[in-house]
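Student: I'd like to ask you about the structure that follows.
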Amino acid sequence: MSLVGARVLRKEDPNLITGNGQYVDDLQPAGCTSMVFVRSTEAHAKIRSIDTAEALALPGVLAVWTSANIAQLANCPGGLPGLDQPLLAKDIVRFVGEGVAVVVATDRYIAADAAELIIVDYEPLPAVASLSAAMAPGAVVLHEVLGGNTVHFQDFENPLNEAFAAAPRTASLHIVNNRCAPSPIEPNVCLADWGRSGLTLWAAFQAPHHLRNTIAQYFGIPQDSTRVVAPDVGGGFGAKINFVPEFFLTALLSKEIGKPVKYTQTRSECLVAMLHGRAQEHDASVAFDNDGRILALKLTVTQDQGAYPNGTGMGLPVLTTAMAAGCYRIPAVAISWRNVVTNTTPVAAYRGAGRPEASFTIERLIDLIADETGVDPVEVRRRNFIPVDAFPYATHSPLAMYDSGNFAGALDELLKHVNYDELKKEQEKRRQDPAAKLLGIGFASWLEIAGFGPPGSLEAFGHLASWESAQVRIQPDGSAIIFTGASPHGQGTVTTYAQIAADELGIDFDRISVKHGDTAVVPQGIGTMGSRAVAVGGEGVKTASGRVYENAKRIAAHLLEASAEDIIIEDEKFFVKGTPARSVPWSEVAWKSFQPLELPGGMEPGALDSTVFQQVPNFSFPSGAYCCVVEIDRETGGVNIVNMYLVDDCGTVINPLLVEGQVHGGVAQGIAQALYEHMLYDPSGVPRTSTFMDYLVPAASDLPGYITGRINTPNPSNTLGAKGVGESGSVGAPPAVVNAVVDALSHLGVKHIDMPVTPIKVWNILEGAK
Amino acid sequence: MIPAQFDYVEATSVADAIRLLAEHGDEAKLLAGGHSLIPLMKLRLVTPATLIDVTHIKELSYIKEDGNNIVIGALTRHRDIEESDLVKKHLPLVAHVAGEVGDPQVRNRGTIGGSLVHGDPAADLPAAALATGATMVIAGKNGERRISAQDFFVDFLETDVQPGEILVAIEFPKHTDAGWAYEKFVRRAMDYSIVGVALQLGAKPGVALVNMSNKPHLAVSASQAIGKGAAIADVLAVINDDTNPPEDLNATVEYRQHLARVLTQRAFATASK
Ligand SMILES: Cc1cc2nc3c(=O)[nH]c(=O)nc-3n(C[C@H](O)[C@H](O)[C@H](O)COP(=O)(O)OP(=O)(O)OC[C@H]3O[C@@H](n4cnc5c(N)ncnc54)[C@H](O)[C@@H]3O)c2cc1C
C-alpha cells in the first residue's frame, strides 16, 4: 500500500502537543547569559550620545555595547551595499525598533533593567513613514548615497499606449497592499556559544546552512568549526530567512565574555524588529472588450522597503510583476516597479512573498471588468483563462514559464460546492430588504510561483544554490535515517519525507526518522521557503531512496542467488517475484550491507547510503479557485465570512491532512490580511499597532470553517508531481474575501476597498451611500 | 515585556492585606488575577515596588444570597460567576457579561474585584455593575464602607478605592425574571469592546455603555427614560448624553455614538423578548 497520498498523522505532534518540543529558548547551557536590546524610539534621528554608565554599574551586567564597541565590524549581511543596516545604529537611527545598544547580563531580568538605565540622546530628524511621503519633492533622504529615497526604478519596456488607446474599454485601480507583521508564535531567538572548538549558534531559522555559511564568512572563520542549529522552530513565514543583527552580536559577545549568550525577542520587539511583509502599492490598468476579454494589462508596483533594503525585499516586486497576469491569457502585459525606502521596519518575504500581491490585483481587476461590462465574474474568468492545452505557457516574464495548470477545471470543481445561482438570488432578495444583512460572493482564480527553484533562482536571493539535499542512510537493523537540508518549522516535513521514503524503500513508516536543522549533522542544505520542501527536497528524498533501494535489491538478489531485476519487496521482505516463500528481510539486507564478505561483487560496504543534491528544471505553479461568501451588517459595517470554499491544485498530494493544514493556515493568514492585520505608522514614523491589542491577529474563533476540494494537475518538473502548498492560502484568500465584500456593496457603486476591510471603512461607505 | 524588579508578599486575610498595604505604602499594589496588572507591569507602564498577593484569601471568593441581594466576593473569578446558578437566576446579565470577558484563560484567572478596581472604560463587568445598580464594599483600617457603582468609577483607570483599602465584595440587587441584554461590538471574539451596551430592564432599570467615556459609563438620562417607560426612540435620543468616546484605530467619535445607538436598540429588542 502506498503511503504517499495517505492521511498519516504527524510524527512531530506527540512531542509538540505534550510540551516536549525543544525550541532555542528552552536551551539553557551552563553559564548561559542573556542579551537585551535598547531599541530606537525615534523613526529618524541623529544619536547625539549614549550614556551607558549606570547600566554598566548594575550588578550582574557583563557587557554593554553600542556601535562604538564594534566600529570595525561590517554591517549586517543581506542588505544592499551602502544601504545595509549596521548591527547597532551608527550616529543615526532610521526606524522605530532599530537596535541602538545591547546589554548582556547574568539573567534576562537584570539585562532588561540595565537596558532601561541607558540614556540615548536623540536629535530628531524629519521622518518619512509612507511611500507618498518618501517620494514627495523635498522629502528628507534616508541614505545620502542614494540622493533620494528611490533605491531602484524599473520602467516599462513598452507602456502599451496604443493597445490602451485602441481598446473598447479600460479601467484602473490604485491598490494598497497592506503591510503585515509576520508574528510567528516564536519570535526571533538565538543562542551563541563561541568557545575554543568554534562557534555554535542555535537559531530560530528557516535556512541553517545559509546562516552558517554567512556567519563564518562574516567573521572570517572556517565553516567546519562553525555550526548552526535550528531545533524546533515555532513558525517563520519567511521572516526567519533574514539575517538579523542579533545573530552576529550574540556570537561576538559570547566570544568576548566567554559564556553562552542568548537573545529572546519579546513580543513587542517582534512587531517592530522582525521584518515586515507586503507593503506595496499598485497602479494597475486593464484594457478589455465589451465581452470582458482582456486585451492588455499594465502594472506599476511601488515597494516599500522600509529603512534598509535587503535582497529578499528587492525580490518582492520582481515576483509580483512576474505573476501579474495570473492565470489569464493576456496579449500584452507591461510591468514596472520601484523600490523606495521609508523610516519604517525593513520589509522582506512573508508567506507568499510577492505573489499574494500579484494575485490580489489581477483578481480585483477581473471583478472590475465584470462590473464594467456586466458579464458575470465567473464568466470573465472563463473567457480569459489560459486553456489546458496551452502549457507550457510563456508569460511576459522570463521567470514565469507556466508548466501546467487547469484553471477552468478548478473553477468547475469549486462551483460544484458553491450554490452560485441560489446565492445570487438571495443576494438580490436581501438588497431589497433593508433589515437584512447584505450578501456578497467573491471568487479568486489564483496562481502562484513556488517550488524554488531552478538553478540560479535562489542564488539571486543570496543563497548558495537552488537544489535541496537529501541523504538516506540505512542503519544495520534496516531502519532508515533521512537527513534533509530543508529546515522545517511547522510544515510536517518529517512526516511527508518519511512517507515518500517508505514507499521508495519498502521500509515501515515507523522505522524512518528524519533529521534536519543541524549543520554539523546534515549535508549542505538550502532551507524551507517558497513552498519548496516537497517539490524540491521531497523529490530529493525520493531520488536518494530510489538509489538506496536499487542497491538493496542487488544485495537481496545476491543473498537469494537471483537477479536484481526480478526482486520485489513486500512487508519489508525481498523476494523473487512469484516466490514469496523464499525471502530475505530488509533487516538482513541492511546488516549484511555493512559486511564486505556478504556483498555482491563490486559493491562496497556503505552502499545503502545515498546523498542527493536534488535539482529541478523549473519553478512550480500551484493554483486554485476560491470562493468567499460574506454578510455585511448594514448598521455596524461588520463583515462576517459565512462560507469559504477552497479548491486547490497542488499536484500530487503526499498527505491530505498536511495539505489541508497548510491551506487552512494560509487561508487564515489571507483572511487576516483581508480583514484584520495592518501594521500602521503615524506620519512621524511611530508604529500605531505596536501590540496585539491593535495589530489584530485573528484567532480560531474569528475564522470560518472551510469547505475544501481539490483537483490534481501533476507538476511536470519532478517525478512526485507535487507543486507545493505552503503559501497557496495566503495567495488565494485575500482577493476572494475582498471581492466578496465589494460584491456585497457593488449596488452602491463601490469598485474597490483597500485591505484590511474594517467595520468603520464599510460603515463610512454605507453612510456615504445614504 | 519584562517587568521591573518587585517584591512579593502574600496576604492571608483581609486584615492581613490591610496591614500589608499600610506597611508597604503607595509603592505597593494588590495582585488578584493579574490579568490587567501584569500586562501593564510587563510593558513597564506600572512598576510597583511590592505586590501583595491576595488570591490566597479564600474568604473573598464566594457567591451568596443575602435577602434582596446577591453578594459576590471580590476575588471571585469571572468563570465562577459565569457558571453560578445563583447568578444566572437572579442576575442573568452579570452571569452573561462575565462569560463575555476575553477568552477562557482570562476568565479562569481574572477576578471581578480586579476588573472593577482596574476601572477600564473598555471592560465588561463595570458596565454590568452599573446597569444592575451594584454597591461596592470597601475595607480599610477603619472598617468597611459602601459606595454605589456610579460613584465608584472616578476617571480613566481610577476608582474610589483609596490607598490602604481593598475592595472586598460587590452587592448586586436581584433582578430576577427581568429582561436584560448585553451587546458587545468587537472585531475579534476575544477583544475588548469597541462599544458595548449593558441593559437591565425591570423594576430598577439601567443602561451602561462600554468604551464610551473616560470611565465606565452609566447612561443616566437613558436609564431614567427607561424607568419612566419612554419609547425606544426617546431612549436612543439621549443614550449618548454625557458620553466622551475615545478615538482610535477602530472608531471615530461619530462611529462610536452611532454604534451606541445601534447596540442599545438591539439590546432592547433582545431584552424585551
Ligand atoms: C488577553 C486578555 C483579554 C482580556 N479581555 C478582556 C475583555 O474582553 N473584557 C474585559 O472586561 N476585560 C478583559 N481583560 C481583563 C481581565 O478581565 C482582567 O482579569 C481584569 O480586568 C482584572 O482582574 P484581575 O483579577 O486579573 O486583576 P489584577 O490584574 O490582579 O488587578 C487589577 C488592578 O486592580 C487592583 N486590585 C485587584 N483586586 C483588588 C481588590 N480586591 N481591591 C483593591 N484593588 C484590587 C490591582 O492592584 C490592580 O491595580 C483581558 C485581559 C487579558 C490579559
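Student: When you scan region A:320-367, how many residues do you find that are open to solvent by 10 Å² or more (accessible area, probe 1.4 Å) and in a helix (DSSP H, G or I)?
Tutor: Going through region A:320-367 one residue at a time, the tally reaches 1.
Student: Are there any pairs, at least 6 apart or on different chains, whose C-beta atoms fall under 9 Å, with the first in region B:121-137 and on the phi > 0 side of the Ramachandran plot and more than 14 Å from the ligand (Cβ to nearest atom) and the second open to solvent by 10 Å² or more (accessible area, probe 1.4 Å) and of a type in the set (Gly, Ala, Ser), and if so, which?
Tutor: Partner pairs satisfying both residue conditions: B:133/B:148.
Student: Inside region A:619-731, counting only strands (runs of 3 or more DSSP E) that do not spill past its ends, which hold 1 or more residues that are of a type in the set (Asp, Glu) and out of contact with any helix residue (DSSP H, G or I) (no Cβ under 7 Å at 6 or more places or on another chain)? Explain how you work it out, then say what you get.
Tutor: Working: elements: A:623-632, A:639-649, A:706-710.
Counting at least 1 such residues, we get A:623-632.
Student: Also, quick follow-up: Identify, please: which residue in region B:165-183 is within 25 Å of residue B:138 (Cα to Cα) and not hydrophobic (A, V, I, L, M, F, W, C) and is, among those, nearest to the other protein chains (Cβ to nearest Cβ)? Let's see the steps before the verdict.
Tutor: Let us first name the residues in region B:165-183 that are within 25 Å of residue B:138 (Cα to Cα), namely B:165-175.
If we keep only those that are not hydrophobic (A, V, I, L, M, F, W, C) too, we end up with B:165, B:171, B:173-175.
Working: B:165: 29, B:171: 32, B:173: 32, B:174: 32, B:175: 27 Å.
Going through the qualifying residues, I end up with B:175.
Student: Considering only residues of region B:249-270 that are among the hydroxyl-bearing types (Ser, Thr, Tyr) and within 11 Å of chain A (Cβ to nearest Cβ), which is surrounded by the fewest Cβ atoms within 10 Å (Cβ to Cβ)?
Tutor: Here is the first cut: in region B:249-270, the ones among the hydroxyl-bearing types (Ser, Thr, Tyr) are B:252, B:255, B:264, B:270.
Imposing the further condition that a residue be within 11 Å of chain A (Cβ to nearest Cβ) reduces the set to B:252, B:255.
On the way: B:252: 15, B:255: 21.
Out of the qualifying residues, it is B:252.
Student: Let me ask something else about it. Tell me yes or no: at least one residue of region A:568-575 is assigned to a loop (DSSP other than H, G, I, E, B) and under 45 Å from the mean Cα position of the chain (by Cα). Even if it seems obvious, please write down each step before you answer.
Tutor: First, the residues of region A:568-575 that are assigned to a loop (DSSP other than H, G, I, E, B): A:571-572.
Checking which are under 45 Å from the mean Cα position of the chain (by Cα) leaves us with A:571-572.
Checked against the condition, which is being assigned to a loop (DSSP other than H, G, I, E, B) and under 45 Å from the mean Cα position of the chain (by Cα), region A:568-575 yields at least one hit.
Student: Condition test on residue B:43, is it touching a residue at least 40 places away in the same chain (Cβ under 8 Å) and under 30 Å from residue B:5 (Cα atoms)? Lay out the reasoning, then the answer.
Tutor: Details: touching a residue at least 40 places away in the same chain (Cβ under 8 Å): yes; under 30 Å from residue B:5 (Cα atoms): yes.
Against the criterion (touching a residue at least 40 places away in the same chain (Cβ under 8 Å) and under 30 Å from residue B:5 (Cα atoms)), residue B:43 qualifies.
Student: Being modelled with pLDDT of 95 or more, surrounded by 16 or more Cβ atoms within 10 Å (Cβ to Cβ) and acidic (Asp, Glu): is that true of residue A:371 here?
Tutor: Working: modelled with pLDDT of 95 or more: yes; surrounded by 16 or more Cβ atoms within 10 Å (Cβ to Cβ): yes; acidic (Asp, Glu): yes.
In short, yes.
Residues are listed down the side, and each one gets a yes or a no for (1) touching a helix residue (DSSP H, G or I) at 6+ places or on another chain (Cβ under 9 Å); (2) surrounded by fewer than 24 Cβ atoms within 10 Å (Cβ to Cβ); (3) within 19 Å of residue B:91 (Cβ to Cβ):
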position: B:164; (1), (2), (3): yes, yes, no
position: B:196; (1), (2), (3): yes, no, yes
position: B:201; (1), (2), (3): yes, yes, yes
position: B:237; (1), (2), (3): yes, yes, no
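Student: Right, something else. Mind checking which residues of region A:131-149 are part of a loop (DSSP other than H, G, I, E, B) and among the aliphatic types (A, V, I, L, M)? If you could, list the steps in order and put the result at the bottom.
Tutor: Within region A:131-149, the first condition is being part of a loop (DSSP other than H, G, I, E, B), and the residues that meet it are A:136-143, A:147-149.
Across region A:131-149, the qualifying residues are A:136, A:139, A:140, A:141, A:142.
Results for (1) assigned by TED's automatic domain parsing to the domain that holds residue B:132; (2) farther than 29 Å from residue B:131 by Cβ; (3) assigned to a helix (DSSP H, G or I), shown as yes or no for each residue.
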site	(1), (2), (3)
B:16	no, yes, yes
B:72	yes, no, no
B:93	yes, no, yes
B:96	yes, no, yes
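Student: Separate question: Scan region B:187-220 for residues that are free of Cβ contacts under 8 Å to residues at least 40 places away in the same chain and in contact with a Pro (Cβ under 7 Å, 6 or more places away or on another chain) and jot them down.
Tutor: If the condition is that a residue be free of Cβ contacts under 8 Å to residues at least 40 places away in the same chain and in contact with a Pro (Cβ under 7 Å, 6 or more places away or on another chain), then B:188 is the only one that fits.
Student: Right, next: Tell me which residues, restricted to region B:73-116, are open to solvent by 60 Å² or more (accessible area, probe 1.4 Å), within 14 Å of chain A (Cβ to nearest Cβ) and more than 9 Å from the ligand (Cβ to nearest atom). Before the answer, list the steps.
Tutor: Step one: list which residues in region B:73-116 are open to solvent by 60 Å² or more (accessible area, probe 1.4 Å), which gives B:79-80, B:83, B:85, B:88-89, B:96, B:100, B:104-105, B:108-109.
Add one more test, that the residue is within 14 Å of chain A (Cβ to nearest Cβ), and what stays is B:100, B:104-105.
Once the filter is applied, which keeps residues that are open to solvent by 60 Å² or more (accessible area, probe 1.4 Å), within 14 Å of chain A (Cβ to nearest Cβ) and more than 9 Å from the ligand (Cβ to nearest atom), region B:73-116 yields only B:104.
Student: Applying the selection to region B:184-212, what residues are within 16 Å of the ligand (Cβ to nearest atom) and more than 14 Å from chain A (Cβ to nearest Cβ)? Break it down into steps so the answer makes sense when it comes.
Tutor: Of the residues in region B:184-212, the ones within 16 Å of the ligand (Cβ to nearest atom) are B:184-198, B:208-212.
Within region B:184-212, B:198, B:208, B:209, B:210, B:212 qualify.
Student: Is it the case that region A:438-447 has a residue that's outside the structural domain of residue A:738 (by TED's automatic domain parsing), over 30 Å from residue A:584 (Cα atoms), crowded, with 24+ Cβ neighbours inside 10 Å and small (Gly, Ala, Ser)?
Tutor: no
Student: Okay, moving on. Going by the conditions given, is residue B:39 more than 14 Å from chain A (Cβ to nearest Cβ) and near the ligand (Cβ under 9 Å from one of its atoms)?
Tutor: For residue B:39, the condition - more than 14 Å from chain A (Cβ to nearest Cβ) and near the ligand (Cβ under 9 Å from one of its atoms) - is not met.
Student: Looking at A:102, A:128, A:96, which one is crowded, with 21+ Cβ neighbours inside 10 Å and either within 14 Å of another protein chain (Cβ to nearest Cβ) or outside any loop (DSSP other than H, G, I, E, B) (or both)? Full working, then the answer.
Tutor: Working: A:128 fails: either within 14 Å of another protein chain (Cβ to nearest Cβ) or outside any loop (DSSP other than H, G, I, E, B) (or both); A:96 fails: either within 14 Å of another protein chain (Cβ to nearest Cβ) or outside any loop (DSSP other than H, G, I, E, B) (or both).
Matching residue, one of A:102, A:128, A:96: A:102.
Student: If you don't mind, another one. Please name all residue pairs, on different chains or six or more residues apart, with Cβ atoms under 6 Å, provided the first residue is in region A:685-703 and is at the interface with chain B (Cβ under 9 Å from one of its Cβ atoms) and the second residue is of a type in the set (S, T, N, Q).
Tutor: Partner pairs satisfying both residue conditions: A:697/A:183.
Student: With respect to residue B:25, is the statement that it is surrounded by fewer than 19 Cβ atoms within 10 Å (Cβ to Cβ), touching a residue at least 60 places away in the same chain (Cβ under 8 Å) and near the ligand (Cβ under 8 Å from one of its atoms) true?
Tutor: no
Student: Filtering region A:611-640 down to residues that are surrounded by fewer than 20 Cβ atoms within 10 Å (Cβ to Cβ) and more than 14 Å from chain B (Cβ to nearest Cβ), which residue is farthest from the chain's Cα centre (by Cα)?
Tutor: A:631
Student: Which one of A:759, A:656, A:734 is touching a Gly at 6+ places or on another chain (Cβ under 9 Å), open to solvent by less than 20 Å² (accessible area, probe 1.4 Å) and within 14 Å of chain B (Cβ to nearest Cβ)? Working first, answer last.
Tutor: Details: A:656 fails: within 14 Å of chain B (Cβ to nearest Cβ); A:734 fails: within 14 Å of chain B (Cβ to nearest Cβ).
When all the criteria are applied, what remains is A:759.
Student: Moving to a separate point now. Would you please list the contacts, defined by Cβ atoms under 7 Å and residues six or more apart or on different chains, that run from a residue in region A:542-565 that is among the hydroxyl-bearing types (Ser, Thr, Tyr) to a residue that is open to solvent by 40 Å² or more (accessible area, probe 1.4 Å)?
Tutor: A:545/A:504; A:549/A:504
Student: Also: For region B:213-248, enumerate the residues that are closer than 27 Å to residue B:159 by Cβ and within 14 Å of chain A (Cβ to nearest Cβ).
Tutor: Passing the criteria: B:245, B:246, B:247, B:248.
Student: Those residues that are among the β-branched types (Val, Ile, Thr) and not in a strand (DSSP E or B), I need them from region A:281-319; list them, please. Explain how you work it out, then say what you get.
Tutor: Going residue by residue through region A:281-319, those that are among the β-branched types (Val, Ile, Thr) are A:286, A:294, A:300-302, A:312, A:318.
Residues satisfying the conditions are A:312, A:318.
Student: I'd like the full set of residues that are in contact with a Lys or Arg (Cβ under 9 Å, 6 or more places away or on another chain) and not hydroxyl-bearing (Ser, Thr, Tyr), limited to region A:46-67.
Tutor: The answer is A:47, A:62.
Student: Of the residues in region A:319-377, how many are touching a helix residue (DSSP H, G or I) at 6+ places or on another chain (Cβ under 7 Å), among the aliphatic types (A, V, I, L, M) and more than 30 Å from residue A:41 (Cα to Cα)?
Tutor: Taking region A:319-377 as the starting set, the residues that turn out to be touching a helix residue (DSSP H, G or I) at 6+ places or on another chain (Cβ under 7 Å) are A:319-320, A:323-329, A:332, A:335, A:337, A:339-342, A:345-360, A:363-364, A:366-367, A:369-371, A:376-377.
From what's left, among the aliphatic types (A, V, I, L, M): A:319, A:323-325, A:332, A:335, A:340-341, A:347-349, A:353, A:358, A:366, A:369-370.
Keeping just the survivors that are more than 30 Å from residue A:41 (Cα to Cα) gives A:319, A:323-325, A:332, A:335, A:358, A:366, A:369-370.
Residues meeting the conditions: 10.
Student: For the list (1) more than 14 Å from chain A (Cβ to nearest Cβ); (2) surrounded by fewer than 21 Cβ atoms within 10 Å (Cβ to Cβ); (3) at pLDDT 95 or above, I need the number of the one condition that residue B:54 fails.
Tutor: Unmet condition: (2).
Student: Does region B:54-62 include one or more residues that are away from the ligand (no atom under 14 Å from the Cβ) and at negative phi?
Tutor: Looking only at region B:54-62, we keep the residues that are away from the ligand (no atom under 14 Å from the Cβ), and these are none.
No, the conditions are met nowhere in region B:54-62.
The values are calculated or read from the model by the stated rules, or taken from the named source; none is laboratory data. Because the structure is predicted, anything quoted here is derived from the model rather than measured. Here Cβ is always computed from backbone atoms with ideal geometry, including for glycine, and neighbour counts include all displayed protein chains. To get the accessible areas, we keep the full protein, side chains included, count just its heavy atoms, and leave off ligands, DNA and RNA. Shrake-Rupley method; radii C 1.70, N 1.55, O 1.52, S 1.80 Å.
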